[in-house]
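The values are calculated or read from the model by the stated rules, or taken from the named source; none is laboratory data. Bear in mind the structure is a predicted one, so any value in this text is a computation, not a measurement. Neighbour counts run over all protein chains shown; Cβ positions are idealised from the backbone, glycine included.
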Amino acid sequence: MEMKRGIFYGVGVGPGDPELLTVKALRVMGECPVLACPQTKSGEMLALDIVRQAMDISEKTILPLHFTMSRDAAVQRAAHEKAADEVCRWLEQGMDVAMPNLGDVSIYSTYCYLMELVRLRGFETRMVAGVPSFCAVAARLGVSLTEMNSPLHIAPGSFDLEEVLHWPGNKVLMKSGSQMPGVLRAIEEHASLANSAMIQNCGLPNERVFPNLAREVPQESTGYFATVIVKE
């Protein structure tokens, strides 16, 4: 009799507020004996910190996954392969593994890199949607992202913003922290700081809100989780 093989779940846990975790996310993670969690060099596991505020994880096996911030494609690939190896060891034993991801699992998610590698090794994968950070940011600011016949564009802060800011409709600039000085210059030159807002670490204890970037901008590093909304 062939042994049951585990399923690899990617679970969106929202941007930070544990109340934004979905019922389905909590159910899936509750049923998985193993939680595979991205861990920083300092040992922080932010996605797991959000999860533990909403459910008991005392009986879970926690599998730390280590990734790289290097832009070298070969270095990134090696880190993803190593993480996939670690996940597959549990799947081979018939254990379901859930990987909590900040925001929604389909948007700039590390899970999606692992998902493809795990699929290639013959395992089943499933995605559980979560609240995207930019939706939480818009709600916190009390603004709409779209209007009738108006598109919405989502881009990383490292993208060619001169091009993006000339597209019609509203823009969301994600992961803008390290590029913030350049992001602000681009908005000032090609759009409007008065029509732009930013939230740093939305839903987390150290959240900071900048509702009008023409009036106030961060004076120091905004960190990785800074999201800017530029209204047309």
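Can you find a residue in the stretch 125-140 that is aromatic (F, W, Y), within 30 Å of Y9 (Cα to Cα), outside any strand (DSSP E or B) and under 14 Å from the mean Cα position of the chain (by Cα)? Yes, some residue in the stretch 125-140 is aromatic (F, W, Y), within 30 Å of Y9 (Cα to Cα), outside any strand (DSSP E or B) and under 14 Å from the mean Cα position of the chain (by Cα).
Is it the case that V118 is in a helix (DSSP H, G or I), surrounded by 18 or more Cβ atoms within 10 Å (Cβ to Cβ) and not assigned by TED's automatic domain parsing to the domain that holds I107?
Working: in a helix (DSSP H, G or I): yes; surrounded by 18 or more Cβ atoms within 10 Å (Cβ to Cβ): yes; not assigned by TED's automatic domain parsing to the domain that holds I107: no.
No.
Considering the stretch 3-16, and only residues there that are under 13 Å from the mean Cα position of the chain (by Cα) and assigned to a loop (DSSP other than H, G, I, E, B), the residue that is surrounded by the fewest Cβ atoms within 10 Å (Cβ to Cβ) turns out to be G16. Among the conditions (1) small (G, A, S); (2) in contact (Cβ under 8 Å) with a residue 60 or more places away in the chain; (3) farther than 30 Å from A197 by Cβ, A129 misses just one, which is (3). Looking at the stretch 43-61, is at least one residue outside any helix (DSSP H, G or I), at positive phi, touching a residue at least 40 places away in the same chain (Cβ under 8 Å) and out of contact with any helix residue (DSSP H, G or I) (no Cβ under 6 Å at 6 or more places or on another chain)? No, the stretch 43-61 has no match at all. The single condition among (1) aliphatic (A, V, I, L, M); (2) under 22 Å from G16 (Cα atoms); (3) assigned by TED's automatic domain parsing to the domain that holds I199; (4) in a loop (DSSP other than H, G, I, E, B) that V105 does not meet is (3).
So, in the stretch 154-179, of the ones that are part of a strand (DSSP E or B) and touching a residue at least 40 places away in the same chain (Cβ under 8 Å), which residue ends up farthest from V143 (Cα to Cα)? For the stretch 154-179, the residue satisfying everything is P156.
More than 16 Å from A129 (Cβ to Cβ), assigned to a strand (DSSP E or B) and among the aliphatic types (A, V, I, L, M) - does that describe any residue in the stretch 75-95? No: the stretch 75-95 contains no residue that is more than 16 Å from A129 (Cβ to Cβ), assigned to a strand (DSSP E or B) and among the aliphatic types (A, V, I, L, M).
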